[in-house]
Amino acid sequence: MLCGLAGAVLVAGCVTNIEDTGPVPPKVAVRTVDALAARVPPDVAAAGEVVVGVNVPYQPNEYRDRHGAIVGFDIDLMDAVTAVLGIRARYTESAFEKIIPAVQAGTNDIGMSSITDSVEREEQVDFVTYFSAGVQWAQRTGHPVDPENACGRRVAVQATTVEHIEEVPAKSERCVAAGKDPIIIDAFDEQSAVTNALVLGQVDAMSADSPVAAYAIKRTDGKIEPAGPVFDSAPYGWAVPKGSPLGPVLRDAVQYLMDNGQYRKITENWGVQAGALRTSVINGARS
């Protein structure tokens with residue numbers, strides 16, 4: 001059975017309960033832009049902070065370092081955006097599937113956990129796009145799996161992600177329509193458990209967002225490798241309530257960072273610059 005521990009550093013066939021993956025890149029220094037700070041909604045400005053719902057671990061985007069602090073690419077970018085706006089971000093952990101409902105309920109101001117901006121999700125919340133990620137499959141090294149012909153194979157995914165809800169089930173349905181065995185989908189609450197299942201040979205492949213898969217491959221010392229190219233690229237977005245005035249000011253703040261090069265520096269710090277955007281929009285799935 002899987003070790004019931006979180007993290008992504010493999011030791012003796014299991015993962016540790018510390019998500020320590022080495023030194024965390026330094027923060028990019030950002031100053032407040034008064035014209036943008038003046039547009040922060042009054043209730044948020046009065047609080048001096050936004051409450052941001054995240055699900056960890058999902059390295060390198062959001063995870064806990066050796067000291068227990070939540071860190072990652074997403075965290076550094078949101079910290080930079082809120083600094084531009086003269087406020088701070090307060091992160092609260094949540095199960096992935098509860099992030100959008102918490103935004104709808106007003107418990108959290110923003111949902112930020114590598115959430116793919118989709119037409120279906122835009123029915124519930126607005127999204128401010130900040131990154132482009134595709135789907136990347138991984139396999140055990142030397143044990144090839146074809147993502148386009150994985151009928152009858154066992155594939156691990158993180159629960160409630162696009163890979164779990166849409167991508168892998170669609171491939172499985174095509175298998176059945178062709179008279180072949182369906183894909184056996186193993187869903188785990190955390191990406192670390194997905195990676196661990198693949199390394200231990202409990203599944204044949206895993207499907208994850210491209211920066212996450214690339215990071216997992218890098219951290220497993222050659223135990224797993226890419227299975228085919230990146231495909232189905234789509235934007236990540238920060239979720240805010242429908243029609244919220246917070247959406248446009250977040251968009252303009254991240255666009256400011258994109259235009260002056262600080263956004264690019266943050267992506268490079270985390271090795272995810274391949275997915276960097278040049279323009280942020282609201283509801284990119286409909287754009």
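The values are calculated or read from the model by the stated rules, or taken from the named source; none is laboratory data. Because the structure is predicted, anything quoted here is derived from the model rather than measured. Note that we place each Cβ from the backbone using ideal geometry, even for glycine, and neighbour counts take in every protein chain shown. Accessible surface is based on the protein model in full, side chains and every heavy atom, while ligands, DNA and RNA are left aside. Shrake-Rupley method; radii C 1.70, N 1.55, O 1.52, S 1.80 Å.
When region 276-287 is examined, which residues are found to be surrounded by 14 or more Cβ atoms within 10 Å (Cβ to Cβ) and among the small types (Gly, Ala, Ser)?
276, 280, 284, 285 - these are the residues of region 276-287 that are surrounded by 14 or more Cβ atoms within 10 Å (Cβ to Cβ) and among the small types (Gly, Ala, Ser).
Taking interchain pairs and intrachain pairs at least six residues apart, which have beta carbon atoms under 6 angstrom, with the first residue in region 171-196 and closer than 28 Å to residue 63 by Cα and the second open to solvent by 60 Å² or more (accessible area, probe 1.4 Å) and of a type in the set (Ser, Thr, Tyr)?
none
Is it the case that residue 115 is β-branched (Val, Ile, Thr), touching a strand residue (DSSP E or B) at 6+ places or on another chain (Cβ under 7 Å), open to solvent by less than 20 Å² (accessible area, probe 1.4 Å) and farther than 24 Å from residue 219 by Cα?
no
Could you tell me whether residue 208 is surrounded by 21 or more Cβ atoms within 10 Å (Cβ to Cβ) and not in a helix (DSSP H, G or I)?
yes
Condition test on residue 244, is it of a type outside the set (A, V, I, L, M, F, W, C) and outside any helix (DSSP H, G or I)?
yes
If you go through region 92-146 one residue at a time, how many are in a loop (DSSP other than H, G, I, E, B) and among the charged types (D, E, K, R)?
Here the count works out to 4.
Name the single residue that is modelled with the lowest pLDDT among those in region 148-170 being part of a helix (DSSP H, G or I) and open to solvent by less than 40 Å² (accessible area, probe 1.4 Å).
The extreme case among them is 162.
Tally up the residues in region 147-185 that are charged (D, E, K, R) and farther than 20 Å from residue 134 by Cα, please.
The total comes to 6.
Out of all the residues in region 61-91, which are part of a loop (DSSP other than H, G, I, E, B) and in contact with a strand residue (DSSP E or B) (Cβ under 9 Å, 6 or more places away or on another chain)?
61, 65, 72, 85, 87
How about region 248-275: which of its residues are modelled with pLDDT of 95 or more and open to solvent by 30 Å² or more (accessible area, probe 1.4 Å)?
248, 251, 252, 255, 256, 259, 260, 261, 262, 264, 265
So if I check each of 209, 204, which one is among the acidic types (Asp, Glu) and under 18 Å from the mean Cα position of the chain (by Cα)?
Selected residue: 209, the only one of 209, 204 that is among the acidic types (Asp, Glu) and under 18 Å from the mean Cα position of the chain (by Cα).
Go through (1) at pLDDT 95 or above; (2) surrounded by fewer than 18 Cβ atoms within 10 Å (Cβ to Cβ); (3) not aliphatic (A, V, I, L, M) and name the single condition residue 25 misses.
Looking at each condition in turn, residue 25 falls short on (1).
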